[in-house]
Amino acid sequence: MDSIKGIYKIGYGPSSSHTMGPHRAAEMFKQKHPEASAYRVTLHGSLAATGKGHMTDMAIERALSPVPTEIVWRADIVPTFHTNGMLFEAFDQHHEKVGEWMVYSIGGGYLSEGEHDTLGARIQSVYDLERLGDIQTFIEREGLSFWEYVEWHEGAYIWDFLGTIWEQMQQSVQEGLQNDKVLPGGLHVRSKAKQYYVRASSYKPSLQSRALVTAYALAVAEQNARGGKVVTAPTCGSCGVVPAVLYHMKRNHDFSDRDIMKALATAGLFGNIIKTNASISGAEVGCQGEVGSACVMAAVAVNQLFGGSPQQIECAAEMAMEHNLGLTCDPVCGLVQIPCIERNSMAALRALDVSFYALLSDGKHLISFDKVVDTMKRTGKDLPSLYKETSLGGLALHGTAIDDGRCTTDTSR
């Protein structure tokens, strides 16, 4: 299993699979063919279906600039390996092809070359265990906590990395709370985080706590929607969940930065297990892989902060994913706005709820986290493609793209 550093990536939104992944792939292809006089990139499946709303073309063109780049949209071609396929082609000054590369953006900014992937082979495996049950057996035998298990495998340098990640998460919350402009894309969705934050100050403490978490999650998700700088946790589309609950833990429960970095380590471990055994890609398994995974990560982080045992932490993780099973990815007009932004705030609140539910228990339950992750994977495979980041089903039916790539709501449906 890879390092948890792959779960937390700092970059620009609105999508880790549709923006960060393609941008990274374009940079890699340019390094292979810097002599090219022109490029052509054919986007397949979900990348083509929702790429304009996700700014996929802009991300690729920015990486290949100043060389002229043609973007071809082929939503009708859905590769077997993964729906987010990209065919890069390089041409010389005589319009002769000098190179091509088929690559897939598989979620969280990760790339794969398919069944015979060599990209993954370049990443050194850090963890020898990939199932939580096996990890729990190990830490019980060694007397470790989950965060100590991460340090055991990643080394002490992981704290410098997580410190940087935590700083960016806080910055994303703070910047998002200051911006109340309309989000780009044509749906005329106005940022709500600043307004919600102000309103929360007038509530009684029992309500104020949840209102603040909502505002924090909206702040980061809105930052992402406007193409701002965020941390994947584990994706851009779900980037508001973990920062919201941890920012709340620091500001309103006085947890130290060191405590929160330990919580981030545990959260990253659980996100890594989901990525390894199922998927964090909305285009592959629906939003259960994005917001569901983020809910898990936030729940285990909070549970650990409040002194949860490994059994209680595992219980919180299982509940968080269990109650997100079947969640569809149906962004209106392909924009990471409706319902994505609100889902971040709802998942943050749910993470708190399941964490405290687990803390009240002894951690014993019938369905293990490993089993619910397997179930999420199967559920994702069974979901029709209409509900996996294609904007062809669900809530996406209520939005209509117009010629200039902007969007409007369709009130006739």
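Just a few scattered comments:
- For region 327-339, residues that are among the aliphatic types (A, V, I, L, M), outside any helix (DSSP H, G or I) and crowded, with 24+ Cβ neighbours inside 10 Å total 3.
- Qualifying residue in region 357-367 (condition: buried (at least 19 other Cβ atoms within 10 Å of the Cβ) and within 21 Å of the chain's Cα centre (by Cα)): no
- Of the residues contained in region 263-270, none is found to be crowded, with 24+ Cβ neighbours inside 10 Å, of a type outside the set (Gly, Ala, Ser) and touching a Gly at 6+ places or on another chain (Cβ under 8 Å).
- Highlighted here are the helices (runs of 4 or more DSSP H) found entirely within region 41-153 that include at least 2 residues which are farther than 20 Å from residue 391 by Cα and open to solvent by less than 20 Å² (accessible area, probe 1.4 Å): 56-64, 132-142.
- Scanning region 236-256 for any residue that is open to solvent by 10 Å² or more (accessible area, probe 1.4 Å), over 22 Å from residue 85 (Cα atoms) and touching an Asp or Glu at 6+ places or on another chain (Cβ under 8 Å) turns up at least one such residue.
- The residues of region 197-214 that are open to solvent by 70 Å² or more (accessible area, probe 1.4 Å) and either part of a helix (DSSP H, G or I) or in contact with a strand residue (DSSP E or B) (Cβ under 8 Å, 6 or more places away or on another chain) (or both), listed by number, are 197, 198, 199, 205, 206, 207, 210.
- The lone criterion from (1) over 14 Å from the mean Cα position of the chain (by Cα); (2) at pLDDT below 95 left unmet by residue 309 is number (2).
- Looking only at region 23-38, and only at residues there that are assigned to a helix (DSSP H, G or I) and over 25 Å from residue 185 (Cα atoms), the one that is most open to solvent (accessible area, probe 1.4 Å): 31
- Just one residue in the set 318, 342 is in a helix (DSSP H, G or I), crowded, with 17+ Cβ neighbours inside 10 Å, acidic (Asp, Glu) and at pLDDT 95 or above; that residue is 318.
- Some residue of region 223-230 being in a helix (DSSP H, G or I), out of contact with any strand residue (DSSP E or B) (no Cβ under 8 Å at 6 or more places or on another chain) and surrounded by fewer than 19 Cβ atoms within 10 Å (Cβ to Cβ): no
- Selection from region 357-370 of residues that are without any contact (Cβ under 8 Å) to a residue 12 or more places away in the chain and part of a helix (DSSP H, G or I): 360
- Across region 156-196, the number of residues qualifying as within 20 Å of the chain's Cα centre (by Cα) and open to solvent by 60 Å² or more (accessible area, probe 1.4 Å) comes to 5.
- Considering region 10-22, the residues that are surrounded by fewer than 23 Cβ atoms within 10 Å (Cβ to Cβ) and not aromatic (Phe, Trp, Tyr) include one that is modelled with the lowest pLDDT, namely 11.
- Here is the figure for region 292-321: residues that are polar (S, T, N, Q) and closer than 19 Å to residue 108 by Cα total 1.
- Scanning region 381-405 for residues being assigned to a loop (DSSP other than H, G, I, E, B) and modelled with pLDDT under 90 gives a total of 8.
- Condition check for residue 277: more than 20 Å from residue 356 (Cβ to Cβ), surrounded by fewer than 24 Cβ atoms within 10 Å (Cβ to Cβ), out of contact with any Gly (no Cβ under 6 Å at 6 or more places or on another chain) and at pLDDT 95 or above: yes
- Total residues in region 23-81, condition out of contact with any helix residue (DSSP H, G or I) (no Cβ under 9 Å at 6 or more places or on another chain), among the aromatic types (Phe, Trp, Tyr) and touching a residue at least 40 places away in the same chain (Cβ under 8 Å): 0
- Verdict on residue 324 being touching a Cys at 6+ places or on another chain (Cβ under 7 Å) and either in a helix (DSSP H, G or I) or closer than 30 Å to residue 77 by Cα (or both): yes
- Only residues that are under 24 Å from the mean Cα position of the chain (by Cα) and within 12 Å of residue 26 (Cα to Cα) were counted in region 88-115, giving 5.
Per-residue answers, yes or no, for (1) part of a helix (DSSP H, G or I); (2) among the aromatic types (Phe, Trp, Tyr); (3) more than 12 Å from the chain's Cα centre (by Cα); (4) at pLDDT below 95:
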| position | (1), (2), (3), (4) |
| --- | --- |
| 242 | yes, no, no, no |
| 246 | yes, no, yes, no |
| 249 | yes, no, yes, no |
| 252 | yes, no, yes, yes |
| 255 | no, yes, yes, no |
| 263 | yes, no, yes, no |
| 267 | yes, no, yes, no |
| 273 | yes, no, yes, no |
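The values are calculated or read from the model by the stated rules, or taken from the named source; none is laboratory data. Fair warning: this is a prediction, and the values are worked out from it, not measured in the lab. In this analysis, Cβ positions are derived from the backbone assuming ideal geometry, glycine residues included, and neighbour counts consider all displayed protein chains. Each accessible area value is taken on the protein alone, full model and side chains, heavy atoms only, with ligands, DNA and RNA left out. Shrake-Rupley method; radii C 1.70, N 1.55, O 1.52, S 1.80 Å.
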